[in-house]
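The values are calculated or read from the model by the stated rules, or taken from the named source; none is laboratory data. All figures in this text were calculated on a predicted structure; none of them were measured in a lab. For neighbour counting, all protein chains shown are included, and Cβ atoms are generated from backbone atoms with ideal geometry for every residue, glycine included. These accessible areas exclude ligands, DNA and RNA; they are computed on the full protein's heavy atoms, side chains included. Shrake-Rupley method; radii C 1.70, N 1.55, O 1.52, S 1.80 Å.
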Amino acid sequence: MNANPTTRLKIRFDKLRDEGRAALVTFLTAGDPDYATSLKILKQLPTAGADVIEFGMPFTDPMADGPAIQASSQRALKAGQNMIKTLQMVRDFRAGDHDTPIVLMGYYNPIYCYGVDRFLADALEAGVDGLIVVDLPPETDDELCLPALDAGINFIRLATPTTDDKRLPAVLANTSGFVYYVSIAGITGAGAPDTEKVKVQVERIKAKTDLPIAVGFGVRTPDQAQAIAAIADGVVVGSALVNLIRDGIEVDAAADSISANVTGLVSDLAEGIRAAGSGN
Amino acid sequence: MTANAPNSYRTGPDERGLFGIYGGRFVAETLMPLILSLEEAYETAKADPEYRRELDGLLDHYVGRPSPLYFAERLTEHFGGAKIYFKRDELNHTGSHKINNCMGQILLARRMGKERIIAETGAGQHGVAVATVAARFGLPCVVYMGETDIERQKPNVFRMKLLGAEVVPVTSGSGTLKDAMNEALRDWVTNVESTFYIIGTVAGPHPYPAMVRDFQSVIGNETREQMMRAEGRLPDSLVACIGGGSNAMGLFHPFLDDKDVEIIGVEAGGLGVDTPDHAASLNGGRPGVLHGNRTYLLQDDDGQIIEGHSISAGLDYPGIGPEHSWLRDSGRVTYVSATDSEALDAFQLCTKLEGIIPALEPSHALAYVSKIAPDRPGDHLMVMNMCGRGDKDVFAVAGHLGVEMSE
């Protein structure tokens, strides 16, 4: 057991706070549309302006995700992606980037199947900083959350509009790295969040924790990113990026062109966030 | 894996919703508060005599309970061994056991003030039962159904529409029951405040496995009384088919602590459990986490879910209720399988000898009965759950038998 948690997430969020701006958190599914293209995009994300990388572990049955992210999982699986390859991509990325935090996001079964201890050891060695596992609420903390904390990997919890004041302390209890606020009750890629409502919720959570709050679900455009960046410590964008990969596949675009489209949107989103200035 | 035998097999789940290591509440945070309030509402309703009275009244006068326990005399003669009884849940309103559970859940939805009902369905029997109770209580109803299943269960699709339900074809994933369940969960996550999700089997996050089991236990409770009246003693063996496992759990649960009663669950063996094309989670899968619970699942080495195959659209779910997983590991219940062709043979045999057209689901149970009944003595009392009638399967069976019919 390692008592010292990795601190890339903390260092990154602290640095951005000092700079007075929110983090751009980008989501892509590992291996979408194929291993080589996915790795190419991954390596370009920090230069394009991503501050934190969420990397999806593909799963056949992503129940909390919308059609865009489910389709990305299916593309990746069809191309032969699996947990070993996902961890290898993180390792390859980490060889060239020592600072950008990587958070693996997904569902519990592929991790359970891989073996929790083996997974945590391999993830730590590969350079993973945090985990978001959608179907592990606080009631199941002994499954993965507590072992991850022991291993030195942050466990990032989702808080949602249905997380009332009674539940919030339980949700925050073992959360580390940051808190992911799900801006709408619904699936990823659904309608745009109402900024005013999100603001109230972010403030409600901030009153109970010192951790940074990133907001996601439904953020697509630089303008939306700018609006959310003004009220939170991080903005998560996923479906909009993943859809660019789908669009590229549909017209048989070359890997370079798909990659350029994705990093292009990341740059625009980063610009939107910088325009918002401080979230505090 | 055989655990030490517990004092009772009927006390689960624990307060975390676990049967041994199985079950639990593996859901997104958005759903957690709702699942906790559902559990609370169910516990309150269970203790309320008024709820029980209303449910019993509807089961008697609307569903048509109790269902008969029927001595299948000609099949008994044919097999020349055990004395075979059918628990006739196919005679329920809507043609299967599914309505026992739907009635319990819709009364709960009303108590909770929910205004909208959603459900998933595979063969359509659960969808029809949900659409029926939604019509009866005037609640709007959306049923998610895989497009593959819509194609092979057309009569049930039309029936649901007649009942006023909206049937939403599910094209995501592989377009079958598991994907329909994913879509229903997505709907629920999006409409948490207004919507009640009627899960059709003893799976999903706690409290569903226990709640659905409780509603279906009417099957086993009646069987106990009816067998005592008919034979003056308990049955020697129980046989039921298993997809998610709700009809089986309903028959089995009241007998779990009667250690002399042999209990057998029959999974869908498809083309054979030694081939990739089956839906036998307990015989051909391993433990994993899907749809809110830990249970045996059909999955590959990477933990990706594999599509089940069965001639019966009601059995091809890649998971199984968590209590069955626990009963398997503890050794209390024996889980076997029957193939597509064995079920098809049993379907025809039952129709010809008993004048009862069984659904393809209980045809699997009967297929296994046909294997073991001949070797049991004449005083061996065997109860098989006839959990659904076969009207819905007539077209599909015709296809398998090479008979052309216009629909």
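Annotations
- Pairs of Cα atoms in the stretch A:8-276 fall into 10 Å distance bins, from 0 up to the last occupied one, in shares of 7, 33, 40, 18, 2, 0 percent.
- Note on the stretch A:215-272: semi-axes of the ellipsoid equivalent to its C-alpha gyration tensor, largest first and rounded to whole Å, are 24, 11, 7.
- Surface analysis of the protein assembly as shown yields an accessible area of 35 Å² per residue, using protein heavy atoms and a 1.4 Å probe.
- The three principal axes of the C-alpha atoms in chain B carry coordinate ranges of 57, 53, 49 Å, sorted with the longest axis first.
- Here the Gaussian network model covers chain B, with springs between Cα atoms less than 10 Å apart; of B:Leu162, B:Leu234, B:Leu75, B:Leu162 fluctuates the most.
- One equal scatterer on each Cα of the stretch B:293-332, no solvent, Debye formula: the resulting log10 I(q)/I(0) at q = 0.17 Å⁻¹ is -0.52.
- Gyration tensor over the Cα atoms of the stretch B:204-269: the corresponding equivalent ellipsoid has semi-axes (square roots of 5 times the eigenvalues, largest first) of 22, 14, 9 Å.
- Percent carbon-and-sulfur accessible area, the protein assembly as shown, ignoring ligands, DNA and RNA, probe 1.4 Å: 51
- Straight-line cross-link partners of B:Lys46 among the lysines, defined as a Cα under 26 Å from its Cα and at least 8 positions apart when in the same chain: A:Lys166, B:Lys87, B:Lys98, B:Lys114.
- Members of the stretch A:120-143 that become less accessible by 10 Å² or more once partner protein chains are added (1.4 angstrom probe, chain alone as reference): A:Val134, A:Asp135, A:Pro137, A:Glu139, A:Thr140, A:Asp142, A:Glu143
- Modelled spin labels at B:Arg136 and B:Arg52, positioned 7 Å past Cα toward Cβ, are 2.0 nm from each other.
- Placing dummy labels 7 Å off each Cα toward the beta-carbon, the span from B:Arg233 to A:Ile11 is 7.6 nm.
- Simple label model, 7 Å out from Cα along Cβ direction - A:Ser267 to B:Asp375, nm: 7.4
- Evaluated at q = 0.11, 0.21 Å⁻¹, the base-10 log of the normalised Debye intensity for the stretch B:77-212, with identical point scatterers placed on the Cα atoms, takes the values -0.40, -1.26.
- With the largest listed first and rounded to whole Å, the semi-axes of the equivalent ellipsoid of the stretch A:180-280 from the Cα gyration tensor are 28, 14, 10.
- Mean Kyte hydropathy of -1.0 or more with a Cα span along the axis of at least 24 Å, helices from DSSP in chain A: A:255-276
- Note: the stretch B:65-117, Cα convex hull, 88 Å³ per residue.
- For the protein assembly as shown, the calculated P(r), taken from all Cα-Cα distances in 10 Å bins from zero up to the bin holding the longest distance, is 3, 16, 25, 24, 16, 10, 5, 1, 0 percent.
- FRET efficiency for B:Thr190 and B:Asp260, using Cβ-Cβ distance with R0 set to 41 Å, rounded to 0.05: 0.25
- Packing here is the average count of other Cβ atoms within 10 Å per residue, and on that basis the peptides B:100-112, A:85-97, A:54-66, B:122-134, highest first, run B:122-134, A:54-66, B:100-112, A:85-97.
- Rounded to the nearest 20 debye, the dipole magnitude of the stretch A:8-276 is 260 debye, with +1 charges on Lys and Arg beta carbons, -1 on Asp and Glu beta carbons, and the Cα centre as origin.
- Put simply, the Cα atoms of the stretch A:125-212 extend 40, 27, 21 Å along their principal axes, the longest span coming first.
- For the stretch B:297-355 and the stretch B:1-65, distance of Cα centres in Å: 23
- Most mobile listed residue (B:Asn247, B:Asn191, B:Asn221) in chain B, GNM with C-alpha springs under 10 Å: B:Asn191
- Burial here means at least 50 square angstrom less accessible surface with every protein chain in place than with the chain by itself, probed at 1.4 Å; in the stretch A:88-111 the buried residues are A:Asn109.
- Potential lengthening between B:Glu115 and B:Glu77 on full extension [0.36 nm per residue; Cα-Cα distance subtracted]: 8.5 nm
- Residues of the stretch A:168-190 whose accessible area, computed with a 1.4 Å probe over protein heavy atoms, drops by at least 30 Å² once all protein chains are present relative to their chain alone are A:Ala185, A:Gly186, A:Ile187.
- In plain terms, if you count all Cα to Cα distances in the stretch B:241-346 and split them into 5 Å steps from zero, the share in each step is 2, 14, 25, 24, 19, 11, 5, 1, 0 percent.
- Listed residues B:Leu58, A:Pro222, B:Gly122: farthest to the positive end of the dipole of the protein assembly as shown (Cβ charges): B:Leu58
- Inter-centroid distance (Cα atoms) of the stretch B:141-201 relative to the stretch A:14-37, Å: 35
- Solvent-accessible area buried by B and A, counting both chains, probe 1.4 angstrom, square angstrom: 2900
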